[in-house]
Amino acid sequence: MSELTLTVMRLGFLAVLWLFVIVAVQVIRSDLFGTRVTQRGSRRDAGRPQQAARQAAPPQQRQQSAGGRQRRGAPTKLVVSEGTLTGTTVALQGQTITLGRAHDSTIVLDDDYASSRHARIYPDRDGQWIVEDLGSTNGTYLDRTRLTTPTPIPLGAPIRIGKTVIELRK
Amino acid sequence: MSTNTSTHHTSTIGAIGAPSRRNTELALLVFAVVIPVFAYANVGLAINDEVPTGLMGYGLGLGLLAGVGHLVVRKFAPYADPLMLPLATLLNGLGLVAIWRLDQSELLQSIKQAGTAAPRQLMYTAMGIALFIVVLIFLKDHRVLQRYTYISMVGALFLLLLPLVPGLGQNIYGARIWISVAGFSIQPGEFAKIVLAIFFAGYLMVKRDALALASRRFIGLYLPRGRDLGPILVVWAMSILILVFETDLGTSLLFFGMFVIMLYVATERTSWIVFGLLMSVVGAVGVASFEPHIQQRVDAWLDPMREYTLSRQGVAGHSEQAMQALWAFGSGGTLGTGWGQGHSELIRFAANSDFILATFGEELGLAGVMALLLLYALIVERGVRTALAARDPFGKLLAIGLSGAFALQVFVVAGGVMGLIPLTGMTMPFLAYGGSSVIANWALIGILLRISDTARRPAPAPAPNPDAEMTQVVRP
């Protein structure tokens with residue numbers, strides 16, 4: 001076997017080996033899964049993360065529009081307007097949203113006045129969003145009244161839990 | 001998918017489900033089989049001037065094994081990580097080529113160090129993949145292993161102590177880490193690695209709060225309470241005993257290191273790492289001061305040239321391996337001599353097992369060794385990623401423990417061969433000749449794939465809330 005052929009094979013093999021490594025790293029790049037973290041930036045680029053979130057969840061949205069559960073004028077997102085989590089939004093997609101200090105809550109409140117399972121927000125059969133206090137110690141307030149029964153949430157009405165205020169928006 | 005959206009202080013976190021990625025795995029797997037076939041043809045052309053006759057056999061054999069592995073993953077773990085199987089297949093295939101290449105050496109044949117190793121290694125690979133398949137089929141959920149926490153402890157101790165049983169254990173070249181059953185030499189330590197990871201994961205999952213929270217703060221370090229030091233002391237004592245009675249630095253370092261890694265991950269306390277490093281240094285130095293075998297290894301590490309000269313002069317108990325390995329790396333240079341054109345057979349003893357990295361260093365050069373180390377790093381990275389994605393603490397700890405042990409083993413062997421740390425009798429996972437190592441590491445990959453399948457599987461749709469149906473809302 002000529003020297004030249006062997007040199008070509010030697011360099012060719014190294015090239016192929018590195019090509020495999022590079023392809024593997026490319027697969028990792030395209031293999032993002034698990035959790036998507038969206039930095040809350042200034043208001044100007046606030047639209048971008050939402051767009052990303054929408055792209056991440058096409059099946060549910062399609063399912064929803066097909067089911068026709070979303071009525072006109074229904075809220076589409078839940079926004080935290082006061083407290084340590086100010087600015088956080090959660091898209092309303094027909095799922096139950098739990099609030100509390102428990103780490104498996106949808107919105108984890110870091111607040112001494114919140115109970116571990118404080119309240120939950122869910123749509124009833126008509127698609128009307130309901131807030132229910134889950135027997136919390138310090139209570140959940142809709143506007144100024146302390147909740148005793150599951151209550152429908154009007155658009156933009158502040159729900160207060162400890163130092164956190166959330167509201168539903170279109 | 002994004003139904004379990006949760007929040008954080010500065011960011012919004014939403015879950016993304018991963019697609020199954022099985023076709024990516026298949027494509028990579030084909031690539032991972034083609035590379036060793038290329039290398040195999042290259043070795044034949046360089047040594048014998050012809051394409052080796054066994055090319056079809058090895059290529060088909062490796063391809064078949066990888067294909068069966070892939071089909072089983074497709075059926076039983078459809079959401080598992082797409083990279084681990086191709087990476088392991090590639091390393092295993094390259095190992096087979098290097099072993100076959102050393103089989104061709106007349107020097108190694110004459111001292112009975114090689115000759116028929118490659119077919120045997122292919123058989124071990126088949127057994128390894130068989131165990132991999134068994135793990136994927138029968139281990140439907142890794143959390144089942146949690147039930148066997150304390151049985152695992154007993155099992156691991158049993159496996160570790162087996163080589164000390166008179167008549168069963170074999171003292172091969174100074175280290176007592178083999179047992180001999182029906183003509184086969186088995187290294188139980190390789191299997192103990194996995195079993196011990198199961199025990200540590202189960203144990204730390206239960207105890208981590210006590211270990212993490214009950215502590216005093218002292219100069220920026222959390223000092224654990226005296227009684228919480230118990231487990232780390234027990235594991236430390238055990239690894240010291242292994243060091244003393246089996247005179248194997250590698251196994252000892254592997255187990256203690258794995259425990260410290262898992263302890264750190266479970267408790268998030270840096271102080272455990274500080275303690276672990278201190279204890280392993282104290283233990284290693286202490287034992288080295290009175291154990292002649294370990295002492296000799298340290299001397300050979302500090303001055304390999306003296307060891308080489310003594311061996312050349314015919315002084316018993318010395319070996320020129322370490323120096324020859326360094327020369328192999330040196331003569332390889334940046335791009336290597338090319339497959340089949342080095343002289344790594346001069347390492348003689350264990351050239352195709354513990355020292356196989358030197359063959360790669362000489363024939364593929366720095367560029368090739370770097371690529372190999374990156375392949376290992378990618379396997380470890382996928383393991384850690386699996387741990388991050390796993391939803392249950394046991395799975396997290398197990399994945400971290402297994403990938404940590406894998407990484408430590410690569411470090412201990414590569415470091416030993418390259419002269420970074422004293423040499424230990426361990427094998428490079430997948431590359432080196434040795435049945436126990438190949439089989440145990442395939443099982444390890446199987447467990448990691450099972451955890452990653454569970455972790456990446458899209459969460460089932462949340463069960464409809466029964467209360468929401470029952471509650472009658474009174475509208476004003």
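The values are calculated or read from the model by the stated rules, or taken from the named source; none is laboratory data. These numbers come from a predicted model, not from an experiment. With ideal geometry, Cβ positions are generated from the backbone for all residues, glycine too; neighbour counts draw on all protein chains shown. Surface accessibility is based on the protein's heavy atoms, side chains included, excluding ligands, DNA and RNA. Shrake-Rupley method; radii C 1.70, N 1.55, O 1.52, S 1.80 Å.
So the values come out like this:
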| quantity | calculated |
| --- | --- |
| Sorted largest first, extent of segment B:359-469 alpha carbons per principal axis (Å) | 71, 27, 23 |
| Value of Rg/Rh across segment B:92-150 [Cα atoms, Kirkwood radius] | 1.27 |
| Segment B:17-148 - percent relative contact order, Cα under 8 Å, separation 6 or more | 29 percent |
| Calculated [θ] (222 nm, deg cm²/dmol) that DSSP helices of n ≥ 4 give over chain B, each run adding -39,500 (n - 2.57) | -21500 deg cm²/dmol |
| Cα point-scatterer Debye curve for chain B, base-10 log of I(q)/I(0) at q = 0.08, 0.13 Å⁻¹ | -0.51, -1.27 |
| Rounded, prolate or oblate (a/c below 1.5 giving rounded, otherwise prolate when a/b exceeds b/c) for segment B:254-397 by Cα gyration tensor | oblate |
| Where chain B is the region considered: accessible area per residue in Å², 1.4 Å probe | 41 Å² |
| Farthest positive-ward along chain B dipole, Cα basis, beta-carbon charges - from B:Ile356, B:Gly286, B:Pro52 | B:Gly286 |
| Cβ-defined net charge surrounding A:Arg101, 10 Å radius [Lys, Arg +1; Asp, Glu -1] | -2 |
| Neighbour cut-off at most 11 other Cβ (10 Å), DSSP loop, trypsin sites (Lys or Arg not before Pro), segment B:52-129 | B:Lys112 |
| Segment B:324-424, relative contact order [Cα under 8 Å, separation at least 6], % | 26 percent |
| B:Val384-A:Leu4 pseudo-label distance in nm [points 7 Å out on the Cα-to-Cβ vector] | 4.6 nm |
| Relative contact order (percent, whole number), chain B, Cα cutoff 8 Å, 6+ residue spacing | 21 percent |
| For segment B:283-309 versus segment B:98-176, the gap between their alpha-carbon centres in whole angstrom | 27 Å |
| Relative counts (whole %) of C-alpha pair distances in segment B:54-118, using bins that are 5 Å wide | 4, 16, 20, 18, 14, 11, 8, 5, 3, 1 |
| A:Trp129 - accessible surface, heavy atoms, 1.4 Å probe, Å² rounded to 10 | 20 Å² |
| Accessible surface buried once B binds A (1.4 Å probe; total of both sides; Å²) | 5300 Å² |
| Apportionment of accessible area to carbon and sulfur, segment B:234-388, percent (1.4 Å) | 69 percent |
| Binned Cα-Cα distances of segment B:23-144, short to long, each 5 Å bin given as a whole percent | 2, 11, 20, 21, 17, 12, 8, 5, 3, 1, 0 |
| B:Arg457 accessible area, 1.4 Å probe, all protein chains in place, Å² to nearest 10 | 90 Å² |
| Summed residue charge, Cβ within 14 Å of B:Ala455's Cβ, Lys/Arg positive, Asp/Glu negative | +4 |
| Interchain or long-range residues, amide H under 5 Å from A:Lys77's placed H | A:Leu92, A:Arg169 |
| Against the rule of thumb 2.2 N^0.38 Å, how large the Cα Rg of segment B:333-392 comes out | 1.51 |
| Whole-Hz ³J(HN,Hα) from phi, Karplus 6.51 cos²θ - 1.76 cosθ + 1.60, for segment A:129-141, glycine and proline x | 7, 10, 10, 9, 7, 9, x, 6, 6, 9, x, 10, 10 |
| Per residue accessible area in Å² of segment A:77-169, where ligands, DNA and RNA are left out and the probe is 1.4 Å | 44 Å² |
| Amide proton proximity set for B:Leu431, modelled H, under 5 Å, gap of 5+ | none |
| Tilt relative to chain B, helix B:249-267 - C-alpha long axis, 0 to 90 degrees, to 10 | 20 degrees |
| Segment A:102-137: trypsin sites (Lys or Arg not before Pro) in DSSP loop, at most 16 other beta carbons within 10 Å | A:Arg117, A:Arg125 |
| Placed amide H near B:Ile177: partners under 5 Å, 5+ positions off or other chain | B:Ile172 |
| Probe 1.4 Å - accessible area at B:Met279, Å² to nearest ten | 30 Å² |
| Rg followed by Dmax, in Å, when segment A:107-151 is reduced to its Cα trace | 11.1, 35 |
| Overall form of segment A:77-169 per C-alpha gyration tensor (a/c, 1.5; a/b vs b/c) | rounded |
